[in-house]
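The values are calculated or read from the model by the stated rules, or taken from the named source; none is laboratory data. None of these values were measured; they are calculated from a predicted model. Here the Cβ positions follow ideal geometry from the backbone for every residue, glycine too, while neighbour counts run over all protein chains shown.
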Amino acid sequence: MRFDTVIRNGTVVTATDTYISDIGISGGRIAAIALGLPIENAGKVIDATGLLVMPGGIDVHTHLDMPFGGTTSTDDFETGTIAAAFGGTTTLIDFAIQTKGHSLRQAFDTWMKKADRKAAIDYAFHCIITDLGAAQLEEMGALIGEGVSSFKLFMAYPGVLMVDDATIFRAMSQAAKFGGLICMHAENGGAIDVIVQKALAEGKKSPKYHALTRPTTAEGEATSRAIALAEMAGAPVYIVHLSCNDALEKVREARDRDLPAYAETCPQYLYLSLDNMDAPGFEGAKYVFTPPLREKWHQEKLWQGLAHDTLQVVSTDHCPFCFKEQKEMGRDDFTKIPNGGPGIEHRLSLIYTGGVHGGRFSPNRFVQLVATAPAKLFGLFPRKGTIAIGSDADLVIFDPNQEQTISAATHHMRVDYSMFEGIRVKGVPKTVLSHGRPVIENGIFVGKAGSGEFVRRQRYAGI
Ligand code: URP
Ligand code: ZN
Ligand code: ZN
């Protein structure tokens, strides 16, 4: 038997098992998993002794090259996917945004063009629905059949992206019929807008007011409403970027009733808090994203949610805007600060550090959160998200003991600051393979922009 590549003697970690093995790769897929695989004729041999071999990370929430808040997120599909690969992510799901009055297909086509010949790792799309007429309702079924099997709806950003409950209910009913999954930005946008206008009228315009005008209750209420609408529609629902205990409790209650309610959180809500917004001068703008940062005590609740499966996924909500010129657009008014933060590169290291080294969960649960559950929920499993015969050889060879300090001076995202500046992580990807080809080798990018493929996802089938 001849393999293109053999990874030797690594500690294979999947969502369920941990064992020492070799992995043989042929034609971009995993062809053999056993100790003592022949290496004489192998094209390449990678020694993984003392290292973890895990399925490549799947980041189901990114915004590359996205027009938003009067500007565009700085990472495009080339720089963003390269930064993702440095961090051990081998597949991402980005968002194609429907322009009001236009078709969903137009959104999909536009984002396919953005990614074309740029992505260094595999990618897929959710579609953001902003306007759901009869034609777009029809289109949902067609798109699901073409591999765009999830949709994001907003209960926030009135006048821009927010949709009403009737639209949400119709979209959920259609998703239930065709096997789609609705991803929900759950914040009560109407109430928040009233609070924001009051703050502005009182001259409260610094970045911290972005957070202070978006109470946790607004997220809890919208989460509860999203779950209720999904229950009425007989549809599954996936709450994105869950940031606080109020929302977490709503998801827990729903799951206790066996409803198909799922949720993700992001590293920023686990590592950062409202205190970060007290950074000197205008620096708090670096942490203006939505939902906002919360009081510190929420962090441990979210970690517990990850450990106990109230939360199923960690994504990044990577939406980078430079501090200079972009965040600065809101110097005199926090509502003009483009919402979003950079994080695509450090998800695995941050979650391994806080989760596994922090004693909160096992390496297997880590794999479940960053790769396997995302793959299952979003129709990529078993092609991706696990290590099994026939799966794509998207693999990360991870040094669980290597330490690194996160800094904008050394990161690969195209943005002039890091939300996690100075945070020391333990656990770093050394080598990353996409379809069996090295993309990162010993911490150096050796891949190629354009080698990433669009992945048609399967219909929602639970977890
Ligand atoms: O502030 C954020 N999260 N920006 C990206 C858009 C979104 O709501 O996910
Ligand atoms: Zn959102
Ligand atoms: Zn987002």
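Could you list, in sequence order, all residues of region 162-175 that are surrounded by 16 or more Cβ atoms within 10 Å (Cβ to Cβ) and without any contact (Cβ under 8 Å) to a residue 60 or more places away in the chain?
Listed by number, the residues that qualify are Met162, Val163, Thr167, Arg170, Ala171, Gln174.
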Lone unmet requirement of (1) free of Cβ contacts under 8 Å to residues at least 60 places away in the same chain; (2) within 14 Å of ligand 1 (Cβ to nearest atom); (3) crowded, with 24+ Cβ neighbours inside 10 Å; (4) of a type outside the set (Ser, Thr, Tyr) for Ala107: (2)
Residues that are in a helix (DSSP H, G or I) and surrounded by 20 or more Cβ atoms within 10 Å (Cβ to Cβ), drawn from region 197-224: Lys208, Tyr209, His210, Ala211, Ala218, Glu219, Gly220, Ala222, Thr223
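So which of Gly180, Gly220, Gly203 ends up being under 28 Å from Gln136 (Cα atoms) and either touching a strand residue (DSSP E or B) at 6+ places or on another chain (Cβ under 7 Å) or modelled with pLDDT of 95 or more (or both)?
Matching residue, one of Gly180, Gly220, Gly203: Gly180.
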Odd one out for Ile397 among (1) assigned to a helix (DSSP H, G or I); (2) more than 16 Å from ligand 3 (Cβ to nearest atom); (3) touching a Leu at 6+ places or on another chain (Cβ under 9 Å); (4) within 29 Å of Val439 (Cα to Cα): (1)
Any pair with Cβ under 6 angstrom, 6 or more apart, that starts in region 18-40 at a residue that is within 16 Å of Gly390 (Cβ to Cβ) and ends at one that is of a type in the set (Phe, Trp, Tyr): Gly24/Phe3; Ile25/Phe3; Ser26/Phe3
From the options Pro320, Pro291, residue that is within 16 Å of ligand 2 (Cβ to nearest atom), over 24 Å from Thr91 (Cβ atoms) and not in a helix (DSSP H, G or I): Pro291
Count of residues meeting criterion [in a strand (DSSP E or B), surrounded by fewer than 24 Cβ atoms within 10 Å (Cβ to Cβ) and within 16 Å of ligand 2 (Cβ to nearest atom)] in region 49-95: 3
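In region 238-250, which residues are within 16 Å of ligand 2 (Cβ to nearest atom) and assigned to a helix (DSSP H, G or I)?
If the condition is that a residue be within 16 Å of ligand 2 (Cβ to nearest atom) and assigned to a helix (DSSP H, G or I), then Ala247 is the only one that fits.
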Test: Arg294 is on the phi < 0 side of the Ramachandran plot and more than 16 Å from ligand 1 (Cβ to nearest atom): no
Residue selected from region 398-422 under the condition among the β-branched types (Val, Ile, Thr) and more than 20 Å from the chain's Cα centre (by Cα), by the criterion surrounded by the fewest Cβ atoms within 10 Å (Cβ to Cβ): Thr410
Every pair of residues 6+ apart whose Cβ atoms lie under 7 Å, when the first sits in region 145-161 and is within 11 Å of ligand 2 (Cβ to nearest atom) while the second is assigned to a loop (DSSP other than H, G, I, E, B) and of a type in the set (Val, Ile, Thr): Lys152/Val240; Leu153/Ile129; Leu153/Val163; Phe154/Val163; Ala156/Thr290; Leu161/Thr130
